[in-house]
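A short worksheet on the structure shown next.
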Amino acid sequence: MTFKDFSFVPELLDGLDAMGFEKPTPIQEQAIPLILDNQDLIACAQTGTGKTAAFVLPILHKIFSSDKRHLNTLIIAPTRELALQIDQQVEGLSYFLGVSSIPVYGGGDGETFVQQKRALEQGAELVIATPGRLIALLNSGQIKFNDLQHLVLDEADRMLDMGFFNDILKIISYLPAKRQTILFSATMPPNIRKLASKILTDPKQVNIAISKPAEGINQQAYVVYENQKKNLLKNILSNPDFKSIIVFASTKENVKTLEKELVYQDFEVKGFHSDLDQSEREKIMIGFKSKKTRILIGTDILSRGIDVEGIDLVINYDTPSDPEDYIHRIGRTARAESQGTAITFINEKDQRKFFRIESLIGKDIPKLEIPESLGKGPEYDPSKNRGDVKKKVFNKQKKNFKKRRPAENKNTPS
Ligand code: AMP
């Protein structure tokens with residue numbers, strides 16, 4: 001499935017392209033058609049699954065496709081950090097649409113409040129708000145949602161944990177009864193069901209069950225430049241404590257090159273890729289299972305299904321693009337409650353991918369120092385990569401300038 005299958009307007013596809021989103025994640029596949037179809041929706045999905053874009057994309061498409069532009073979407077998030085994060089995604093994805101959004105949150109200084117009020121007066125189609133500040137604005141009559149069409153509650157379980165149940169009901173009392181309501185939550189405890197029954201009409205439900213890496217896996221990572229990876233790999237493979245090892249690379253070309261290099265250095269290694277016929281693959285697997293072959297290098301075709309006991313190290317030579325692939329890859333080690341190590345190499349380009357993996361599994365993976373003999377590696381700063389996305393968006397916008405209508409009225413307070 002691709003994003004084109006949702007029949008999104010071309011300007012939105014351009015935004016997706018510039019953000020580097022190649023294909024929809026499972027939650028996006030399930031939720032987007034329902035939201036486009038104006039259904040109320042309860043979605044059970046956690047951070048890292050692509051949940052934000054799952055509601056932002058169809059809403060942006062609908063706003064852009066309608067000829068009336070007014071404040072029509074309210075997204076409520078539990079914290080200022082999340083509100084800002086959502087706003088950043090809206091900004092990136094809507095870059096070619098000229099749809100404007102405003103984050104509204106408390107906790108800033110008086111100046112921020114003034115900026116938020118000013119931005120609201122100038123108009124926006126989307127408001128992303130934390131409950132407390134939103135109630136203050138509603139009470140003072142500074143924000144009106146008479147024509148609201150979409151209400152999204154993001155991380156609803158966290159909002160209720162933070163004691164916002166009554167605040168949410170209060171906010172909803174200011175909204176038109178006829179609207180589409182979308183509720184996202186990582187968990188579905190009874191108080192969420194109670195809230196849902198009060199505020200949604202005949203909702204559809206989607207669930208994304210995500211797998212978690214086994215407890216026994218010691219996960220580590222190295223932040224490296226691409227040209228440091230080969231030597232780092234050899235360095236790790238030279239450790240005799242690791243007896244049975246799988247190395248994942250992103251393409252079969254990488255598999256073949258690495259196999260050649262390592263054979264040249266006298267490692268017991270075999271490459272496993274789609275150019276081999278079935279009998280060759282079987283022979284390789286037998287050698288690996290019987291521990292005659294110490295190292296197997298392969299693409300993701302190796303990551304699902306093969307069940308070999310006693311693999312003590314998995315190396316992601318290339319960071320997997322899909323967090324679920326990461327979980328499948330590292331799941332090759334520490335099978336059946338045993339212990340194992342999973343090491344991922346992250347080059348500068350892949351830092352955002354790795355950040356997504358960390359958010360899906362809900363923890364920071366320790367970044368180890370690379371051996372001194374290999375020189376210094378880059379800093380781990382996935383937010384820096386946002387700059388690259390912006391640059392890409394900017395260049396693309398320049399290219400499309402004549403074709404597309406320019407972004408208008410973009411008001412986001414700093
Ligand atoms: P979320 O689950 O909304 O917190 O998203 C986690 C991360 O996944 C964010 O950094 C998004 O930019 C990224 N993301 C969302 N959808 C996609 C996609 N279809 N392809 C690649 N990255 C995505």
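Based on the alpha-carbon gyration tensor of region 13-152, what equivalent-ellipsoid semi-axes (square roots of 5 times the eigenvalues) come out, in whole Å, largest first?
After diagonalising the Cα gyration tensor, the semi-axes are 25, 16, 15 Å.
Determine the per residue accessible area of region 168-287 with all protein chains present and a 1.4 angstrom probe, expressed in square angstrom.
I get 54 Å² per residue for region 168-287.
Report, in debye and to the nearest 20, how large the dipole of region 3-208 comes out about its Cα centre when Lys and Arg carry +1 and Asp and Glu carry -1 on their Cβ.
Here the size comes out at about 680 debye.
In the structure shown, do any of 212/349; 62/349; 4/170 have a Cα-Cα gap over 31 Å, and if so which?
62/349; 4/170
Quick check on packing: order 362-374, 123-135 by the mean number of other C-beta atoms within 10 Å, highest mean leading.
Taking the mean over residues of other Cβ atoms within 10 Å, the ranking is 123-135, 362-374.
Using the eigenvalues of the Cα gyration tensor, what equivalent ellipsoid semi-axes result for the chain when each is taken as the square root of five times the eigenvalue, whole Å, largest first?
Each semi-axis is the square root of five times an eigenvalue, giving 45, 23, 20 Å.
Enter the angle in degrees (range 0 to 90, nearest 10) between the Cα long axis of helix 252-264 and the first principal axis of the Cα atoms of the chain, meaning the one along which they spread out most.
It works out to around 30 degrees.
Amide H of residue 272: which non-local residues (sequence gap of 5 or more, or other chain) have their own amide H closer than 5 Å, using H built in the peptide plane?
Excluding prolines and chain starts, which carry no amide H, the hits are 297, 298, 299.
Using only Cα atoms and rounding to the nearest 10 degrees, what angle (0 to 90) does helix 351-361 make with the longest principal axis of the chain?
Taking the Cα atoms of the chain, the angle to 351-361 is about 80 degrees.
Full-extension gain between residue 201 and residue 291, please, as 0.36 nm times their residue separation minus the C-alpha to C-alpha distance.
26.5 nm
Sorting check: for 69-77, 48-56, 83-91, which peptide has the highest mean count of neighbouring beta carbons within 10 Å, and how do the rest follow?
48-56, 69-77, 83-91
Amide H to amide H, which residues 5 or more places from residue 342 or on other chains are under 5 Å from it, using H placed in the peptide plane?
HN-HN under 5 Å from residue 342: 218, 219, 220, 314.
Can you list the residues, at least 5 places off or on another chain, whose amide H is less than 5 Å from the amide H of residue 75, using H built in the peptide plane?
Correct list: 127, 128, 129, 152.
Which value, in debye to the nearest 20, describes the size of the charge dipole of the chain about its Cα centre when Lys and Arg Cβ atoms bear +1, Asp and Glu Cβ atoms bear -1, and nothing else is charged?
Taking the Cα centre of the chain as origin, the dipole is about 860 debye.
Place +1 on the Cβ of every Lys and Arg and -1 on the Cβ of every Asp and Glu in the chain, take the dipole about the Cα centre, and give the residue among 361, 21, 136 whose Cα lies farthest towards its positive end.
Farthest towards the positive pole: 136.
Let me check against my output: what whole-number percent is the relative contact order of region 3-208, with C-alpha pairs under 8 Å and at least 6 apart?
Relative contact order here is 30 percent.
Give me the number: length gained by fully extending residue 266 to residue 38, i.e. 0.36 nm times residue separation minus the C-alpha to C-alpha distance, one decimal in nm.
The residue 266-residue 38 span can extend by a further 76.0 nm.
Cross-link candidates for residue 204: which aspartates and glutamates have Cα within less than 20 Å, leaving aside residues fewer than 8 places away along the same chain?
Within the straight-line limit of under 20 Å, residue 204 reaches these aspartates and glutamates: 29, 37, 40, 154, 155, 157.
Report, in listed order, any pair from 51/178; 252/376; 252/292; 144/363 with a Cα-Cα distance greater than 30 Å.
Long pairs (Cα-Cα over 30 Å): 144/363.
What is the angle, in °, between the Cα long axis of helix 80-93 and the longest principal axis of the Cα atoms in the chain? Nearest 10 is fine, range 0 to 90.
The two axes meet at around 80 degrees.
Mind grabbing the accessible area of residue 188 for me, 1.4 Å probe, Å², rounded to tens?
Ignoring ligands and nucleic acids, residue 188 comes out at about 40 Å².
Please compare each pair in 68/198; 23/367; 243/270 to a cut-off of 24 Å on the Cα-Cα distance and tell me which ones are over it.
From 68/198; 23/367; 243/270, over 24 Å: 68/198; 23/367.
Below 8 Å between Cα atoms, with a sequence gap of 6+, how large is the relative contact order for the chain in percent?
About 20 percent, as a whole number.
Can you send over the carbon and sulfur percentage of the accessible area for region 67-131, probe radius 1.4 Å, protein chains only?
On region 67-131, the fraction of accessible area on carbon and sulfur atoms equals 45 percent.
The values are calculated or read from the model by the stated rules, or taken from the named source; none is laboratory data. Please read all numbers here as calculations on a predicted model, not as lab measurements. Counting neighbours? That spans all protein chains shown, and the Cβs are built from the backbone with ideal geometry, glycine included. Surface accessibility is based on the protein's heavy atoms, side chains included, excluding ligands, DNA and RNA. Shrake-Rupley method; radii C 1.70, N 1.55, O 1.52, S 1.80 Å.
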